[in-house]
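Structure, as structure tokens:
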Amino acid sequence: MAIEARNVTKRFGNFVAVDDVSIFVESGSLTALLGPSGSGKSTLLRVIAGLEVPDAGDVYISGKEATALAPQKRGVGFVFQHYAPFTHMTVWDNIAFGLSIRRRPKSEIRARVAELLELVQLTGLGGRYPAQLSGGQRQRMALARALAPEPEVLLLDEPFGALDARVRKELREWLLRLHDEMHVTTIFVTHDQEEALELADSIVVMNKGRVEQIAPPRQLYDEPANAFVMSFVGPVNRIGDTWVRPHDVELRLEPNGSTHEAQVERIVRLGFETRVDLVRDDGERMHAQLTRDECDELELARGDIVYVRTRRAKSFA
Amino acid sequence: MTVSARHGIRIFSLGYLTLILVAPVGLIFWRSFEHGWHPFWAAIANHDAVHALKLTLEITVIVVPLNTAFGILCALAIVRHRIPGMGLVNAIVDLPMALSPVVVGLSLYLLYARDGWFGSWLLGHGIQILFALPAMLLATAFVSLPFVVREVVPVLREIGIEQEEAAATLGSSAFTTFRRITLPAIRWAIAYGVVLTTARSLGEFGAVSIVSGGIAGRTQTLTQYVQASYENFSITGAYAASVELAVLAIATLLAMTMLRPRRGGHDGNRSA
């Protein structure tokens, strides 16, 4: 189901959390709301869910006006940042909640909960309380609970924010598979550009309550609309008014006319890739990203003089 | 901390407790049963004493549910809804804690007396408030007002609104969310508040004694019966009624201690 926010504004006191934002999310897509903290992405998600009422603007869910509709009536599944488990209920009862309040037959609830427990790999843990689960398990329980009433839209607020790096990576892959199977229109909020690039079909970059750019991951990375997007999505060097990605910094041992002289300040080896910190002869600092082989071929060492050429440098008026 | 310091603290606190609490209460029990069970039974079987006990229990049974319902609603209003003026209500709810019950009694007296603001109209319509059950209920309700609110407010704050929001996104109506999410989360706080309200209602003396008239066998509560018996040199009667009050208080306290450990269960463990 397609979701649209049209000119949405939400203020908290004098603070404008969301400032005249319009987005369109296609049915069945996986969309990321990406931005630093305080950029308004969570507030926008809560407006879409009906948990906040916008001060101005409208929300449409599958073409129907939903701005004043209570969250109960939106058919939206929401996964909270800290999962909001019902602490006094077992995992089973948590997942069954959305069905039991709809007074579905017991046998149907039993079958659906068992199916969801298997889907989120928690079979056998239905009798536990949320406090007895690990962070990743609690997250999957929250997801199963949100999916139980078969929502048309799934909204996730920083779904992996509170998990450690490995669990996070596992859950990301798992969510991607889940989305491929279920085709529920999904919007997730994240401040992690890598997460957004990996998961989303479409990324909405937000900053200070406004939308900076909406684009598919590749376009966002290759053709950022402005300096903010360029610097927020992916690593970047800033040299005067131009911006260049570290992997677009080429190092040579000989000058060739279009190069700058620079000194190697530090070499950091991060497995496959190597980061070389440089100081140019005009005092500008930058870093280059090389593969291990490229770096080995140059036989770089600290203090060496190299010649730097940048590709695909961008400047924003 | 050294062993002797720990012993010192223990001896001091136990000694203080003995002096302030155990000795006086123990003395009452001892005096009541000094001459065996007989005089004690005779004293509490006395018509006025039985009536006073019944009246006290009656007041408690009416006031506690009222104040519990009000306390829950008031706590929800203070914590969950941004209603203008709730800050003021939050402050006023504590007033009965700070205000002397005598002042409460006096203000009720001024309101409902024959020439009071409400009294003249009510009496004109044949409704008697003062020196009757209504005034005693009002006085008791006033002094025992804050306990449920004070217990429930911090727990509501602590559990936050996320669980309620989650229930809403799952399709739960406001009432269902309250019944299935909020109420189970605050039930021990409510139980604790009910116990405190009950204890306060049973023991109320100051406010009630001003508005009840204290007519033996009619508008005399158990605490007033103790005072009246004492003043009439019916010492055994005073002791026996005191023992009844003490037993009720101890039963209430027992209920409270039985509730206390359960506040910690899995409900208490909310580490995210």
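Pairing each residue of region B:154-172 that is at positive phi with any residue that is crowded, with 23+ Cβ neighbours inside 10 Å, provided the two are 6+ apart or on different chains, yields C-beta distances under 7 Å for B:171/A:98.
Every residue, every condition in (1) buried (at least 19 other Cβ atoms within 10 Å of the Cβ); (2) at pLDDT below 95; (3) within 11 Å of chain B (Cβ to nearest Cβ), yes or no:
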{"residue": "A:95", "(1), (2), (3)": "yes, no, yes"}
{"residue": "A:103", "(1), (2), (3)": "no, yes, yes"}
{"residue": "A:120", "(1), (2), (3)": "yes, yes, no"}
{"residue": "A:123", "(1), (2), (3)": "no, yes, no"}
{"residue": "A:134", "(1), (2), (3)": "no, yes, no"}
{"residue": "A:155", "(1), (2), (3)": "yes, no, yes"}
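Mind counting the residues in region A:230-250 that are under 22 Å from the mean Cα position of the chain (by Cα) and among the aliphatic types (A, V, I, L, M)? Summing the residues that are under 22 Å from the mean Cα position of the chain (by Cα) and among the aliphatic types (A, V, I, L, M) in region A:230-250 gives 3.
Filtered by the rule that a residue be in contact with an Asp or Glu (Cβ under 6 Å, 6 or more places away or on another chain) and not in a loop (DSSP other than H, G, I, E, B), region A:11-42 gives A:11, A:24, A:30, A:42. For region A:179-191, the criterion of a residue being in contact with a Leu (Cβ under 6 Å, 6 or more places away or on another chain), acidic (Asp, Glu) and not in a loop (DSSP other than H, G, I, E, B) is satisfied by no position. So for region B:98-108 (the condition being over 21 Å from the mean Cα position of the chain (by Cα) and surrounded by fewer than 13 Cβ atoms within 10 Å (Cβ to Cβ)), does at least one residue qualify? The answer is no; no qualifying residue exists. Just to be sure before I move on: is residue A:86 at the interface with chain B (Cβ under 9 Å from one of its Cβ atoms) and not in a loop (DSSP other than H, G, I, E, B) in the structure I sent? Considered against the rule, which asks whether it is at the interface with chain B (Cβ under 9 Å from one of its Cβ atoms) and not in a loop (DSSP other than H, G, I, E, B), residue A:86 comes out as no. Screening residue A:76 against (1) within 27 Å of residue A:162 (Cα to Cα); (2) surrounded by 17 or more Cβ atoms within 10 Å (Cβ to Cβ); (3) out of contact with any helix residue (DSSP H, G or I) (no Cβ under 6 Å at 6 or more places or on another chain) leaves a single unmet condition, (3).
Would you confirm, using the coordinates I've provided, whether residue B:177 is assigned to a helix (DSSP H, G or I) and within 14 Å of chain A (Cβ to nearest Cβ)? It is true that residue B:177 is assigned to a helix (DSSP H, G or I) and within 14 Å of chain A (Cβ to nearest Cβ). Evaluated against (1) surrounded by fewer than 17 Cβ atoms within 10 Å (Cβ to Cβ); (2) touching a residue at least 60 places away in the same chain (Cβ under 8 Å); (3) within 14 Å of chain B (Cβ to nearest Cβ), residue A:26 falls short on exactly one condition, (3). Screening the candidates A:166, A:252, A:275, A:245 for the property of being crowded, with 18+ Cβ neighbours inside 10 Å and more than 22 Å from residue A:18 (Cβ to Cβ) yields one hit, A:245. Checking each residue in region A:48-83 for being away from every other protein chain (no Cβ under 13 Å), among the hydrophobic types (A, V, I, L, M, F, W, C) and under 14 Å from residue A:19 (Cα atoms) picks out only A:56. Checked against the criterion of being touching a helix residue (DSSP H, G or I) at 6+ places or on another chain (Cβ under 7 Å) and assigned by TED's automatic domain parsing to the domain that holds residue B:143, the candidates B:98, B:75 yield just one match: B:75.
Could you grab me the full set of residues in region A:1-23 that are without any contact (Cβ under 8 Å) to a residue 40 or more places away in the chain and polar (S, T, N, Q)? A:14, the sole residue that qualifies. In region A:165-178 there is no residue matching the filter, namely being among the small types (Gly, Ala, Ser) and in contact (Cβ under 8 Å) with a residue 40 or more places away in the chain.
Pairs are defined by a Cβ separation below 9 Å, a sequence spacing of at least 6 or placement on different chains, a first member in region A:55-76 that is touching a residue at least 24 places away in the same chain (Cβ under 8 Å) and under 20 Å from residue A:147 (Cα atoms), and a second member that is basic (Lys, Arg) and surrounded by 15 or more Cβ atoms within 10 Å (Cβ to Cβ); the pairs so defined are A:61/A:74.
Could you list, in sequence order, all residues of region B:204-216 that are in a helix (DSSP H, G or I) and either crowded, with 19+ Cβ neighbours inside 10 Å or modelled with pLDDT of 95 or more (or both)? Listed by number, the residues that qualify are B:207, B:208, B:209, B:210, B:211, B:212.
Among the candidates B:167, B:189, the residue that is farther than 16 Å from residue B:105 by Cα, touching a helix residue (DSSP H, G or I) at 6+ places or on another chain (Cβ under 6 Å) and modelled with pLDDT of 95 or more is uniquely B:167. Scanning region A:89-108 for residues that are in a helix (DSSP H, G or I), closer than 17 Å to residue B:175 by Cα and not small (Gly, Ala, Ser) yields a count of 2.
The values are calculated or read from the model by the stated rules, or taken from the named source; none is laboratory data. Computed from a predicted model, the values in this text were never measured in an experiment. Note: ideal-geometry Cβ built from the backbone for every residue, glycine included; neighbour counts use all protein chains shown.
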